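Q: Structure incoming, see below.
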Ligand SMILES: [Zn+2]
Ligand SMILES: [Zn+2]
C-alpha cells in the first residue's frame, strides 16, 4: 500500500510499504478518511513536533478489519476514530486525566518509524485500542469522524481557558483550529465572538459558525478601537490566538481587558518580545494549550451527533491518497489558500 512519508522539512513523498501486521494487543483499521492537519503542513524542524521519517496522518476514521487475540471490547466491522497520542496510563498526566507524559513518543502518524505509521494509507495499526479507540455512532459519518481529532484540539483550548458563558471573546485566525474554537464558544454561550482572518472563505465560515464580527487585520487599521467599541470600552475577556503568526500574538493584549487571558493555541516557533510590566499592571495571563485530553474525544463525538453546529462544512475538499501531494500538501502549503479541511481517501 501507499503511504505519505515526511522525508525532510516540508518534503512529503508517497512511499510503498507493506500492510501493517498486528500483535495480539492491537487492531487494524481500514482507513475511510484522514484529514490533513495544520501540523502536517508545518512539519518544520523548529517545532520539534515532527521529524523526518514520520509516516503522516493522525486525523482518521475507519472500520476495524482485524482484532488481536487479547483485545477486548472491539470487533471486526466496528466504525471507529482514534486518539493518535500514546496513553501509558501510569504517568502523572495519565493519572490526573491530562496529557500522557509520553504522548508524543509513540503517536500514530507523528513519531518517526513505520511502527507508528499514520493513516494516509489504506490501513493503520492501532496499538492500545482499549485506550485509544472511540466508537462512531451511525448518526456521525466517516467524513465527520475525521474531524474529531482537530475539533478536540479546539474544544480543549476552550475548556482550559478562563472563558465562562456570556463572556466576550476574540479569536485570532480562523483556520481549522480557530473555527473549531468559534464553534465551541458559540455552543458554550459566548456573549461576543470577534474574529480576525485575512482569507474571505474562512471569514465566511467563521460567520456561519457563530462569529459576531469578522475583521481582516490587513485591511482594518483601527482594530483596537473597534474592539473597545464593541466591548463597552473594556476589551474582551479572553483572546484565543489560533493564528500561528507572531504579529497576531503580539497584538493580543491590545484587545484584552484588565485581568483577561490570552489562550495561546497557535504554534509560533519564534521569540516574540513582550513587556512584562504590562502583564503585572494589567494582571493579564497567558495560558498555553496543546492537543486534547482523552476524554474530549467522546465529547466531540456527542457534539457531532447532536448537530448543534455546521462544523461539517469545514470540509472544503475530499481528495484521493494518490493526489495528496499535488491537491493536498502543495495547495495548503501556499499562503492564502482558502481550503479549510482537506480529507484524504485511500485509493491504492
Ligand atoms: Zn491534527
Ligand atoms: Zn501516561
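Q: Would it be correct to say that residue 149 is closer than 30 Å to residue 12 by Cβ, surrounded by fewer than 19 Cβ atoms within 10 Å (Cβ to Cβ) and within 16 Å of ligand 1 (Cβ to nearest atom)? So that I can check it myself, show each step before the final result.
A: Details: closer than 30 Å to residue 12 by Cβ: yes; surrounded by fewer than 19 Cβ atoms within 10 Å (Cβ to Cβ): no; within 16 Å of ligand 1 (Cβ to nearest atom): yes.
Criteria not met by residue 149.
Q: Identify, from the list 118, 93, 89, 97, the residue that is closer than 26 Å to residue 304 by Cα and either within 16 Å of ligand 2 (Cβ to nearest atom) or not in a loop (DSSP other than H, G, I, E, B) (or both). Please lay out each step first, then the result.
A: Details: 118 fails: either within 16 Å of ligand 2 (Cβ to nearest atom) or not in a loop (DSSP other than H, G, I, E, B) (or both); 93 fails: closer than 26 Å to residue 304 by Cα; 89 fails: closer than 26 Å to residue 304 by Cα.
Result: 97 is the single residue among 118, 93, 89, 97 that is closer than 26 Å to residue 304 by Cα and either within 16 Å of ligand 2 (Cβ to nearest atom) or not in a loop (DSSP other than H, G, I, E, B) (or both).
Q: Looking at this structure, is residue 106 buried (at least 18 other Cβ atoms within 10 Å of the Cβ), more than 16 Å from ligand 2 (Cβ to nearest atom) and more than 16 Å from residue 134 (Cα to Cα)? Break it down stepwise before answering.
A: Values: buried (at least 18 other Cβ atoms within 10 Å of the Cβ): yes; more than 16 Å from ligand 2 (Cβ to nearest atom): no; more than 16 Å from residue 134 (Cα to Cα): yes.
It is false that residue 106 is buried (at least 18 other Cβ atoms within 10 Å of the Cβ), more than 16 Å from ligand 2 (Cβ to nearest atom) and more than 16 Å from residue 134 (Cα to Cα).
Q: Mind checking which pairs have a first residue in the range 218-232 that is closer than 16 Å to residue 169 by Cβ and assigned by TED's automatic domain parsing to the domain that holds residue 245 and a second that is loosely packed, with under 14 Cβ neighbours inside 10 Å and at pLDDT 95 or above, Cβ under 7 Å, 6 or more apart or different chains?
A: 226/220
Q: Would you call residue 174 away from ligand 2 (no atom under 16 Å from the Cβ), surrounded by 24 or more Cβ atoms within 10 Å (Cβ to Cβ) and in a loop (DSSP other than H, G, I, E, B)?
A: Values: away from ligand 2 (no atom under 16 Å from the Cβ): yes; surrounded by 24 or more Cβ atoms within 10 Å (Cβ to Cβ): yes; in a loop (DSSP other than H, G, I, E, B): yes.
In short, yes.
Q: Given the criterion under 15 Å from residue 143 (Cβ atoms), buried (at least 20 other Cβ atoms within 10 Å of the Cβ) and not assigned by TED's automatic domain parsing to the domain that holds residue 249, identify the matching residue among 305, 341, 320. I'd like the intermediate steps shown before the answer.
A: On the way: 305 fails: buried (at least 20 other Cβ atoms within 10 Å of the Cβ); 320 fails: buried (at least 20 other Cβ atoms within 10 Å of the Cβ).
Matching residue, one of 305, 341, 320: 341.
Q: Among residues belonging to the range 218-247 that are modelled with pLDDT under 95 and buried (at least 17 other Cβ atoms within 10 Å of the Cβ), point out the one that is farthest from residue 37 (Cα to Cα).
A: 245
Q: For the range 113-122, give me the residue count where each residue is surrounded by fewer than 18 Cβ atoms within 10 Å (Cβ to Cβ) and closer than 23 Å to residue 94 by Cβ.
A: Summing the residues that are surrounded by fewer than 18 Cβ atoms within 10 Å (Cβ to Cβ) and closer than 23 Å to residue 94 by Cβ in the range 113-122 gives 2.
Q: For the range 123-156, which positions are more than 23 Å from residue 94 (Cβ to Cβ) and out of contact with any strand residue (DSSP E or B) (no Cβ under 6 Å at 6 or more places or on another chain)? First the steps, then the outcome.
A: The first filter runs over the range 123-156 and keeps only residues more than 23 Å from residue 94 (Cβ to Cβ), leaving 123, 136-147.
Passing the criteria: 137, 138, 139, 140, 141, 144, 147.
The values are calculated or read from the model by the stated rules, or taken from the named source; none is laboratory data. The structure displayed is predicted, hence computed values, not measured ones. With ideal geometry, Cβ positions are generated from the backbone for all residues, glycine too; neighbour counts draw on all protein chains shown.
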